[in-house]
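Report on the structure given below.
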Amino acid sequence: MYLDFPTILFFAALFTGGIWLIDARLLAPRRRQEEGESGREPVLVEYARSLFPIILIVLLLRSFLVEPFRIPSGSMMPTLLAGDFILVNKFAYGIRLPVINRKVLEIGEPQRGDVVVFRYPEDPSTDFIKRVIGLPGDHIRYVNKQLVINGKPLEYSNVGIYEGKGAAMSASGSIIRSERIGEVEHQVLLHPSNGYYNYPCMRNGEFTVPAGHYFVMGDNRDRSNDSRFWCGVPEENLVGKAFMIWMNWEPDGGGVNWERIGTIIH
């Protein structure tokens, strides 16, 4: 078991709640008999009683409702930039118990075009964020920067040339292309380089998504470590659906980008 933040919160709630419960049921009655109502409770119990409700509320919010996430890289440019702080809907794809990550309530499933946070299949202690391209059973083809899903090419239109600022400066000169997946229209970046690559998980640029898995790609198509390299994301690795940018702080010290705050993620 790896100790991610929800796991740490769970054990902290268990520890503080356990101390509070043991004192309330066993030690406090004995203390009142010996010292009367004026008997002072131990400092450890006092801290546990104060912290337990706070830790429990934060644990419940992060586990079942909303979790914050910081974008660490530029793999989802231009949709998301390094330095964006986003909110993730934890119940969009079902309610899961913290720590053991077992789904106890089915609510919904990822759709093509969703921006999802998930545990990286090759290192589950690390969270990744990408866009869902293929659902279980889909046939994906990606050759010459063209996506084809189940034999149907996606709709594209060129928007212009990307001019990055701050941490996004390295992507300047890339082609901005509008892409439609199902009902979702978004922009992707394409670097002026060879349009074909022998991706490890795609034989001749093609891949069939296994049952219980999802094929994901970054919007910064030529600068993204995604399913083209390590295949599908297991359903149990899903964390939630990204839906809003609540803060942006330029990683190079550029400060807050106020224009991005409150942006809905599509």
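The values are calculated or read from the model by the stated rules, or taken from the named source; none is laboratory data. Nothing here was measured: the structure is a model prediction, and the numbers come from that model. Heads up, the Cβs are rebuilt from the backbone with ideal geometry, glycines too, and the neighbour counts pull from every protein chain shown.
Considering every residue within the range 176-187, establish whether at least one is acidic (Asp, Glu), surrounded by 14 or more Cβ atoms within 10 Å (Cβ to Cβ), on the phi < 0 side of the Ramachandran plot and not in a loop (DSSP other than H, G, I, E, B). Checked the range 176-187: at least one residue is acidic (Asp, Glu), surrounded by 14 or more Cβ atoms within 10 Å (Cβ to Cβ), on the phi < 0 side of the Ramachandran plot and not in a loop (DSSP other than H, G, I, E, B).
Conditions tested, residue by residue: (1) assigned to a strand (DSSP E or B); (2) farther than 17 Å from residue 114 by Cα; (3) modelled with pLDDT under 90; (4) of a type in the set (Ser, Thr, Tyr).
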position	(1), (2), (3), (4)
216	yes, no, no, no
222	no, yes, no, no
228	no, yes, no, no
239	yes, no, no, no
249	yes, yes, yes, no
252	no, yes, yes, no
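You will find that of 117, 132, the residue that is in contact with a Pro (Cβ under 6 Å, 6 or more places away or on another chain) and at pLDDT 95 or above is 132 and no other. Against the test of being assigned by TED's automatic domain parsing to the domain that holds residue 85 and either among the polar types (S, T, N, Q) or closer than 19 Å to residue 168 by Cα (or both), the options 256, 209, 233 yield a single qualifying residue, 256.
In the set (1) in contact (Cβ under 8 Å) with a residue 40 or more places away in the chain; (2) exposed (fewer than 14 other Cβ atoms within 10 Å of the Cβ); (3) charged (D, E, K, R), the condition left unmet by residue 141 is number (2). Among the residues that make up the range 80-88, is at least one of them in contact (Cβ under 8 Å) with a residue 40 or more places away in the chain, within 30 Å of residue 140 (Cα to Cα) and touching a Leu at 6+ places or on another chain (Cβ under 8 Å)? Yes, the range 80-88 contains a residue that is in contact (Cβ under 8 Å) with a residue 40 or more places away in the chain, within 30 Å of residue 140 (Cα to Cα) and touching a Leu at 6+ places or on another chain (Cβ under 8 Å). Checking each residue in the range 1-51 for being within 28 Å of the chain's Cα centre (by Cα) and in a helix (DSSP H, G or I) picks out 5, 6, 7, 8, 9, 10, 11, 12, 13, 14, 15, 51.
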